[in-house]
Amino acid sequence: MPEEDEELRRLREAKLRELMRRLREREERERQARREVLSKPVELTDETFERFIREHELAVVDFWAPWCLPCRVMAPIIEELARDYAGRVAFGKLNVDENPLTPLAFGIQGIPTLIFFRRGRAVDRLVGAVPKHVVEARLRRLMS
């Protein structure tokens with residue numbers, strides 16, 4: 001009887017170790033998937049905006065329009081920053097022509113406008129086309 005109890009205990013421990021290993025692997029796959037998704041800017045709408053800024057500790061939203069030349073200048077910079085800061089900062093893009101409610105709520109009067117969010121609250125803003133190093137300086141300050 002004690003031998004059966006000991007064997008049962010070993011089997012339970014082995015099964016628990018296997019379940020824990022699978023859980024860790026699953027969590028790592030999910031983290032990797034989130035990093036991959038966030039390695040490029042997320043297209044936002046009025047409906048998805050709030051959830052996006054609340055889901056991420058630090059987020060940057062680019063308010064833009066396709067006809068705006070300075071916005072088009074900023075687009076590759078935002079894409080590069082999204083890759084560089086993947087997993088640490090979430091980048092989103094919100095087309096102001098197709099989604100007028102969110103820009104109105106944030107008093108957007110000129111584009112491109114970048115708003116930096118921490119825990120769902122706006123904490124900084126840049127208006128106009130700016131060099132990459134200017135955006136990075138703001139990010140580093142917010143990350144420290």
Problem - Count of segment 36-66 residues which are open to solvent by 20 Å² or more (accessible area, probe 1.4 Å), in contact (Cβ under 8 Å) with a residue 24 or more places away in the chain and of a type in the set (A, V, I, L, M, F, W, C) - result: 3
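Rundown of residues vs (1) within 30 Å of Arg141 (Cβ to Cβ); (2) in contact with a Pro (Cβ under 6 Å, 6 or more places away or on another chain); (3) hydrophobic (A, V, I, L, M, F, W, C), yes/no style:
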site: Glu30; (1), (2), (3): yes, no, no
site: Val42; (1), (2), (3): yes, no, yes
site: Asp46; (1), (2), (3): yes, no, no
site: Glu55; (1), (2), (3): yes, no, no
site: Leu58; (1), (2), (3): yes, no, yes
site: Pro70; (1), (2), (3): yes, yes, no
site: Val73; (1), (2), (3): yes, no, yes
site: Asn95; (1), (2), (3): yes, no, no
Practice task
Check whether at least one residue in segment 118-134 is touching a strand residue (DSSP E or B) at 6+ places or on another chain (Cβ under 6 Å), open to solvent by less than 40 Å² (accessible area, probe 1.4 Å) and of a type in the set (D, E, K, R), and report yes or no.
Solution key: yes
Problem - Residue that is nearest to the chain's Cα centre (by Cα), among those in segment 107-130 that are touching a residue at least 40 places away in the same chain (Cβ under 8 Å) and closer than 17 Å to Cys68 by Cα - result: Leu114
Handout entry: Restricting segment 84-106 to residues that are of a type in the set (A, V, I, L, M, F, W, C) and over 16 Å from the mean Cα position of the chain (by Cα), the residue that is nearest to Leu69 (Cα to Cα)
Key = Val96
Exercise for the section: Could you tell me whether Leu94 is closer than 21 Å to Val123 by Cβ, open to solvent by less than 30 Å² (accessible area, probe 1.4 Å) and touching a Ser or Thr at 6+ places or on another chain (Cβ under 8 Å)? Expected result: yes
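The values are calculated or read from the model by the stated rules, or taken from the named source; none is laboratory data. No experiment lies behind these values; they were computed from the predicted model shown. Heads up, the Cβs are rebuilt from the backbone with ideal geometry, glycines too, and the neighbour counts pull from every protein chain shown. To get the accessible areas, we keep the full protein, side chains included, count just its heavy atoms, and leave off ligands, DNA and RNA. Shrake-Rupley method; radii C 1.70, N 1.55, O 1.52, S 1.80 Å.
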